[in-house]
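Only one structure is covered here, and it is reproduced in the block below.
The values are calculated or read from the model by the stated rules, or taken from the named source; none is laboratory data. Here the structure is a predicted model, which means the values were calculated and not measured. Don't worry about glycine lacking a Cβ; one is built from the backbone with ideal geometry, like all the others, and counts go over all protein chains shown. Side chains included, ligands, DNA and RNA excluded: accessible areas come from the protein's heavy atoms. Shrake-Rupley method; radii C 1.70, N 1.55, O 1.52, S 1.80 Å.
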Amino acid sequence: MTGTIISIVLGIAGIIFTYFIARWQMKKSRIDHYLINSYDIGKGLTDEFPGFSLHYGNEVLSKNVKVLKGGFINIGRNDIGDDDRTTDIRIILPEGCVVKAVNVCPLGSGLIVKSRIDEEKRNVICFRVEGLLISKECFDYTAIIEAPDDMNNIDNKLVFNHRIKNTTIQNTYIGNIAQFQEKRSVSTMLLTISTVAFVIIYAVYLLMPEWWLDHFSKSSMMTLLSFLIGCFGSMLLIETFRKKGRIIKVLMKNKKTIH
């Protein structure tokens with residue numbers, strides 16, 4: 001029984017090691033779509049106030065009008081694209097959505113990004129990056145969207161389309177930066193405690209395996225196993241916070257440089 005538990009513990013340690021190695025490899029070429037916020041404009045007000053309406057230019061918009069705020073960041077270690085070519089990234093919204101307007105704001109010195117709405121598929125936003133998207137470069141966008149009345153959580157239904165070789169695009173919600181900083185500080189403390197405890201326990205087992213087996217009963221081993229599983233869960237949680245924190249740090253630095 002003890003040998004089985006030790007094998008499980010070592011297996012968990014191997015999984016943790018493999019997970020972080022895989023994450024390190026993925027960072028070579030990776031773009032993240034970061035979602036800052038999405039909210040409704042005037043939803044329900046036309047029912048309560050019949051004279052209320054939203055306009056864009058001379059066009060009256062439907063009741064369910066949404067604003068989507070986000071951006072794209074080259075969070076990997078490699079520059080993406082070619083100096084003499086353009087790189088296209090598309091956001092595909094759910095069927096039934098119609099993009100009315102989109103504005104893009106490059107956050108990098110010399111970064112040129114143009115945006116447009118697909119003429120045939122009005123639920124598609126196209127971004128064109130001129131030349132390279134250098135590591136740590138990013139750009140914000142804001143889009144006004146008309147959506148069906150019964151459609152919610154559009155931000156969870158976004159699809160990203162591109163033809164960039166050996167590059168993945170992941171969707172990351174960052175939300176309110178101030179609230180995130182508070183949560184990250186608590187999570188960092190928990191990760192530090194878990195990591196130190198894990199290293200100490202594993203080192204003791206490697207250096208004194210006989211003493212370890214003599215002084216720990218089966219129940220103690222099960223408690224230890226539960227603790228290590230909890231450590232693994234904490235590491236996965238902090239990895240999410242760490243990724244968001246990395247994106248936010250680059251965003252804040254780039255925005256200070258621009259402004």
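Can you pull the Kirkwood radius for the stretch 58-97, inverse mean 1/r over Cα pairs, to one decimal in Å?
Working: mean 1/r = 0.0693 Å⁻¹.
For the stretch 58-97, inverting the mean 1/r across all distinct Cα pairs yields 14.4 Å.
Under the rule of at least 5 residues apart or a separate chain, name every residue whose amide H is placed under 5 Å from the amide H of residue 105.
140, 141
Send over the per residue convex hull volume for the stretch 52-121, Cα only, as a whole number of Å³. It would help to have the intermediate numbers written out before the result.
Details: hull volume 10.7 nm³, N = 70.
Taking the convex hull of the Cα positions in the stretch 52-121, it is 153 Å³ per residue.
Accessible area of the stretch 87-134 with a 1.4 Å probe: how many percent of it is carbon plus sulfur? List each step's numbers first, then the result.
Working: 1080 of 2330 Å².
That fraction is 47 percent.
Over 22 Å between C-alpha atoms is what I'm after, so list which of 66/255; 121/255; 69/121 land there. Write out the running numbers ahead of the final one.
Working: 66/255 25 Å; 121/255 32 Å; 69/121 20 Å.
Long pairs (Cα-Cα over 22 Å): 66/255; 121/255.
Put a dot 7 Å past each Cα toward the Cβ at residue 105 and residue 45; how far apart are the dots in nm?
Going by the 7 Å Cα→Cβ label model, 2.2 nm.
Per 10 Å bin, what percent of the C-alpha pairs of the stretch 134-177 does each bin hold, from zero upward?
15, 46, 31, 8
So for the stretch 32-85, averaging the separation of alpha carbon pairs under 8 Å that are six or more residues apart and normalising by length, what relative contact order in percent results? Mind dumping the intermediate values first?
On the way: 57 pairs, mean separation 25.2, N = 54.
Averaging sequence separation for qualifying contacts and normalising by length gives 47 percent for the stretch 32-85.
Calculate the all-directions average of the projected area of the stretch 49-174's alpha-carbon convex hull, and give it in nm². Intermediate results must be reported in sequence, preceding the final value.
Numbers: hull surface 37.1 nm².
Over all viewing directions, the stretch 49-174 projects a mean Cα-hull area of 9.3 nm².
For the stretch 41-85, what does the accessible surface come to per residue with a 1.4 Å probe? Please give it in Å². Display every interim value, and only then the final one.
Numbers: 2680 Å² over 45 residues.
Accessible area per residue: 60 Å².
How large is ³J(HN,Hα), in whole Hz, for each residue of the stretch 98-107 in order, when computed from phi with the Karplus curve 6.51 cos²θ - 1.76 cosθ + 1.60 and θ = phi - 60°, using x for Gly and Pro?
For the stretch 98-107, the Karplus-derived couplings read 10, 7, 8, 7, 9, 10, 10, 10, x, 10 Hz, x marking Gly and Pro.
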